[in-house]
Amino acid sequence: MSFNDIPQMSLAIADTLYATHCTKADTYLPRYLPRVEAFFQKQVQGGGLHHQFSRLKLLELAFLLERHEPRTILELGGGSTSSVFAEYVAKAPFAVRYISVDESEHYQNLTKEQLDDALRDGVDFRRCDRVVIHRDGKQSCHYETAYFEWFKEGLDFLYVDGPSNTCEDKSVMPCIDNILLLKQGITPKVIAYDMRRESLWALEKEPEFLWYDTTWWYRSLQGPDLSWFVDKPIHHSTQLLRAKNVRLGP
């Protein structure tokens with residue numbers, strides 16, 4: 001074995017571990033979050049997007065919410081993650097304001113229909129159009145910025161999975177709502193990106209916001225009680241990316 005073989009071996013090991021944790025998540029999600037599992041099943045049966053990592057992503061999101069205990073949540077781009085946020089709102093021992101934004105009225109209505117009746121009232125659904133602009137010589141997109149008014153009092157948790165970010169030539173553009181919010185003085189404690197790498201990279205290029213710690217995060221499941229191993233940053237097979245406001249402490 002040569003030195004050049006080590007990176008390929010590391011990636012193969014990471015893929016094996018990742019597949020193992022995805023399999024565990026298939027068992028743990030129905031036990032830990034049965035209403036989220038029910039939503040996921042409806043989504044699959046309806047022909048919605050789903051992948052090997054889908055349940056692991058939903059569990060990871062639930063972990064982030066439990067860890068950071070946000071009281072204000074903005075979800076940009078709804079779907080299966082909406083069920084996790086709604087479950088968190090229903091279980092939280094304090095009041096939580098949760099707004100879910102989507103550009104598609106059709107898909108937003110599907111999300112509403114598939115949510116458990118007991119969870120639907122905890123979601124404030126809003127529809128916003130997508131705006132495409134040219135920034136630094138390239139296309140970028142964001143939602144209509146009127147929603148900024150909803151969070152002038154502060155925003156704890158921002159989830160980025162929208163708007164649609166595919167260009168006409170099939171390339172991918174960054175969604176820059178995160179940057180526009182920050183420029184308005186709205187500074188979430190945590191920003192989670194659903195594989196929106198271009199959006200995370202756009203934030204990293206903003207010198208005035210370098211106090212956001214941007215890392216690719218991957219966590220390992222221990223059991224259905226969501227006892228997780230310590231954070232293990234790697235650069236492969238990662239679904240949720242995170243930026244944390246380090247000004248606010250650990």
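The values are calculated or read from the model by the stated rules, or taken from the named source; none is laboratory data. Being a predicted model, the structure only gives us computed values, none of them experimental. Positions of Cβ are generated from backbone atoms using ideal geometry, with glycine treated the same way; all protein chains shown enter the neighbour counts. Surface accessibility is based on the protein's heavy atoms, side chains included, excluding ligands, DNA and RNA. Shrake-Rupley method; radii C 1.70, N 1.55, O 1.52, S 1.80 Å.
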For D169, the lone unmet condition from (1) open to solvent by 50 Å² or more (accessible area, probe 1.4 Å); (2) of a type in the set (D, E, K, R); (3) farther than 18 Å from V132 by Cα is (3)
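Look through segment 1-23, keep the residues that are at pLDDT 65 or above and either open to solvent by 70 Å² or more (accessible area, probe 1.4 Å) or among the polar types (S, T, N, Q) (or both), and return whichever of them is nearest to F85 (Cα to Cα). Show your work before the answer.
Taking segment 1-23 first, the residues at pLDDT 65 or above are 18-23.
Imposing the further condition that a residue be either open to solvent by 70 Å² or more (accessible area, probe 1.4 Å) or among the polar types (S, T, N, Q) (or both) reduces the set to 20, 23.
Numbers: T20: 25, T23: 23 Å.
Residue satisfying both the conditions and the ranking: T23.
Name the residues in segment 191-214 that are closer than 21 Å to R126 by Cβ and open to solvent by less than 20 Å² (accessible area, probe 1.4 Å), would you? Talk me through it step by step, then tell me what you get.
From segment 191-214, those closer than 21 Å to R126 by Cβ are 191-194, 196, 199; that's our starting set.
Result: I191, A192, Y193, D194, S199.
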Could you figure out which of (1) closer than 30 Å to K24 by Cβ; (2) hydrophobic (A, V, I, L, M, F, W, C); (3) open to solvent by 30 Å² or more (accessible area, probe 1.4 Å) isn't true of A95?
(1)
Among the residues of segment 145-161, are any modelled with pLDDT of 85 or more, part of a strand (DSSP E or B), open to solvent by 70 Å² or more (accessible area, probe 1.4 Å) and of a type outside the set (D, E)?
no
